[in-house]
Amino acid sequence: MTVTAAAPSPSWPEDVLRLNAICPYYTMFPLDFPLQQLAAAPSATRVLDPFCGRGTTLYAARLAGLPASGIDINPVAAAIAQAKLVRVTPQAVMRLASRILADGAAGEVPEGEFWEWCFQQDTLRELVTLRAALAGMDTPTAVMLRAVMLGILHGPRNKGVPSYLSNQMPRTYASKPAYAVRFWQKREMEPVRIPALEVIERRATRLLSAAPIPQGGKVYLGDSVETLNRLTQRFDLVVTSPPYYGMRTYVADQWLRSWFLGGPPVVPYGTHGQIARQPSQESFIQALAEVWAATARRCRPKARLAIRFGTLPSARTDPEKMLLASLKEAKAGWVVQGVQPAGTPPKRTRQAAQFGKAGSAIDEIDVVAELIGLTR
Ligand SMILES: C[S@@+](CC[C@H](N)C(=O)[O-])C[C@H]1O[C@@H](n2cnc3c(N)ncnc32)[C@H](O)[C@@H]1O
């Protein structure tokens with residue numbers, strides 16, 4: 001197998017990249033991966049990510065001056081990714097948030113120990129009001145405010161000015177309620193009043209002041225195959241990362257953000273259409289094959305497909321074999337050009353590092369394929 005080295009990505013000023021970090025997302029890949037793929041495909045005109053997560057590929061395309069479409073079945077992912085395609089001023093975000101809060105309290109305040117310990121009651125009231133108002137809005141400013149809210153909803157309690165609205169919590173995923181309550185009670189960590197508007201203003205100013213010009217595109221909330229089957233655009237670069245084999249808990253791990261988007265005030269266990277719900281390796285490979293086949297139908301001949309993939313350590317399987325089998329099984333004209341380990345960035349920033357809970361680092365690979373002109 002040949003190893004293809006992608007061209008190095010151009011460097012961007014730090015403030016231009018900030019919007020990409022609006023909200024962390026479990027298993028996001030680093031911006032460098034899609035930037036390198038864009039650099040290696042200089043004639044690309046339209047980019048696709050059928051498992052777009054937080055929209056890293058979409059943001060890289062925006063930086064490269066290209067429109068991009070993203071698909072994800074997780075509402076949290078779609079809400080974050082949408083913000084990667086819009087440009088609004090921090091002032092517009094503040095005006096909308098202030099207006100919503102000035103209009104008065106709305107929405108149902110969830111009850112129970114978790115909610116009493118997670119947010120101070122006035123902060124929770126503001127959160128609930130913003131949640132209720134944003135549920136019916138889809139203007140660019142609302143899209144941005146929603147993603148800002150997802151980013152500040154929970155995270156560590158810092159000593160200086162607060163960056164998050166919650167009591168002490170991880171940023172990347174939300175702790176389960178019983179565990180979180182025990183944690184706070186044991187440390188007598190009462191939630192403190194954190195005015196939502198102050199945190200929104202700081203975050204929006206930081207993220208949006210140097211955001212690049214949007215280049216168009218769209219985020220679709222839904223299953224990749226079903227969505228691809230109804231799209232009409234043609235793509236010539238696809239950069240994506242399917243859920244790693246064994247990873248099914250995207251919605252449960254993001255349960256607090258899911259609640260903010262209108263979900264229930266409890267952990268929504270279940271697989272929620274996740275492709276990794278497949279019970280066996282064979283059926284997972286088959287499901288991936290269907291995505292690569294549907295992707296091929298939406299791509300121009302010679303399109304480039306770059307995939308980052310891995311498996312959870314607990315899955316004890318070879319990601320390279322699985323991914324290559326899925327491309328073969330697709331019978332769609334994808335010809336593998338190269339396979340290489342994804343270990344370029346420092347270990348702690350690798351996508352696999354976020355699986356820390358699950359054990360030691362795992363192998364991640366990058367596969368690049370080209371679409372030969374099959375009649376389909
Ligand atoms: C590894 S993550 C992608 C992360 C992304 N590259 C980023 O930087 O944020 C895989 C994504 O696939 C999504 N997904 C799983 N099953 C799906 C399906 N059937 N259709 C569309 N998206 C799906 C998950 O919700 C998850 O967001």
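Quick one: would you say VAL76 is open to solvent by less than 20 Å² (accessible area, probe 1.4 Å) and within 16 Å of THR27 (Cα to Cα)? Yes, satisfied.
Of the set (1) of a type in the set (A, V, I, L, M, F, W, C); (2) assigned by TED's automatic domain parsing to the domain that holds GLY338; (3) open to solvent by less than 20 Å² (accessible area, probe 1.4 Å), all apply to LEU96 but (2).
In the set (1) within 21 Å of the chain's Cα centre (by Cα); (2) open to solvent by 50 Å² or more (accessible area, probe 1.4 Å), LEU197 fails one condition alone, (1).
Quick grid of which residues meet (1) away from the ligand (no atom under 12 Å from the Cβ); (2) under 16 Å from TRP12 (Cβ atoms); (3) assigned to a loop (DSSP other than H, G, I, E, B):
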position	(1), (2), (3)
LEU38	yes, yes, no
GLY65	yes, yes, yes
ILE71	no, no, no
ALA77	no, no, no
VAL86	yes, no, yes
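For (1) hydrophobic (A, V, I, L, M, F, W, C); (2) assigned by TED's automatic domain parsing to the domain that holds ALA44; (3) more than 16 Å from the ligand (Cβ to nearest atom); (4) farther than 30 Å from CYS299 by Cβ, each residue gets a yes or a no:
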{"site": "ARG171", "(1), (2), (3), (4)": "no, no, no, yes"}
{"site": "LYS176", "(1), (2), (3), (4)": "no, no, yes, yes"}
{"site": "SER224", "(1), (2), (3), (4)": "no, yes, no, no"}
{"site": "THR227", "(1), (2), (3), (4)": "no, yes, no, no"}
{"site": "THR232", "(1), (2), (3), (4)": "no, yes, yes, no"}
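Checking each residue in region 36-67 for being without any contact (Cβ under 8 Å) to a residue 60 or more places away in the chain and either open to solvent by less than 10 Å² (accessible area, probe 1.4 Å) or among the polar types (S, T, N, Q) (or both) picks out GLN36, THR56, TYR59. Would it be correct to say that LYS218 is at pLDDT 95 or above, in contact with a strand residue (DSSP E or B) (Cβ under 6 Å, 6 or more places away or on another chain) and either charged (D, E, K, R) or away from the ligand (no atom under 16 Å from the Cβ) (or both)? Criteria met by LYS218.
Output yes when any residue across region 205-219 is buried (at least 21 other Cβ atoms within 10 Å of the Cβ), under 29 Å from LEU17 (Cα atoms) and of a type in the set (Ser, Thr, Tyr), and no when none is.
Step one: filter region 205-219 for residues buried (at least 21 other Cβ atoms within 10 Å of the Cβ), giving 207-208, 211, 217, 219.
From the residues that got through so far, the ones that are under 29 Å from LEU17 (Cα atoms) too are 207-208, 211, 217, 219.
Narrowing further to those that are of a type in the set (Ser, Thr, Tyr): none.
Within region 205-219, none of the residues are buried (at least 21 other Cβ atoms within 10 Å of the Cβ), under 29 Å from LEU17 (Cα atoms) and of a type in the set (Ser, Thr, Tyr).
Within region 24-35, if we keep just the residues that are within 10 Å of the ligand (Cβ to nearest atom) and touching a helix residue (DSSP H, G or I) at 6+ places or on another chain (Cβ under 7 Å), the residue that is most open to solvent (accessible area, probe 1.4 Å) turns out to be MET28. A search for C-beta distances below 7 Å between a residue of region 162-187 that is more than 16 Å from GLN254 (Cβ to Cβ) and any residue that is among the basic types (Lys, Arg), counting only pairs 6+ apart in sequence or on different chains, returns ASN167/ARG157; GLN168/ARG157.
Yes/no matrix, rows are residues, columns are (1) more than 19 Å from the chain's Cα centre (by Cα); (2) of a type outside the set (D, E, K, R); (3) open to solvent by 20 Å² or more (accessible area, probe 1.4 Å):
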residue: ASP103; (1), (2), (3): yes, no, yes
residue: GLN120; (1), (2), (3): yes, yes, yes
residue: LEU130; (1), (2), (3): yes, yes, no
residue: MET137; (1), (2), (3): yes, yes, yes
residue: MET144; (1), (2), (3): no, yes, no
residue: ALA147; (1), (2), (3): no, yes, no
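The values are calculated or read from the model by the stated rules, or taken from the named source; none is laboratory data. Values in this document were obtained by computation on a predicted structure and should not be read as measured data. As a convention, Cβ positions derive from the backbone with ideal geometry for all residues, glycine included, and neighbour counts pool all protein chains shown. The protein model used for the area step is the full one, side chains on, heavy atoms only, and it has no ligands, DNA or RNA in it. Shrake-Rupley method; radii C 1.70, N 1.55, O 1.52, S 1.80 Å.
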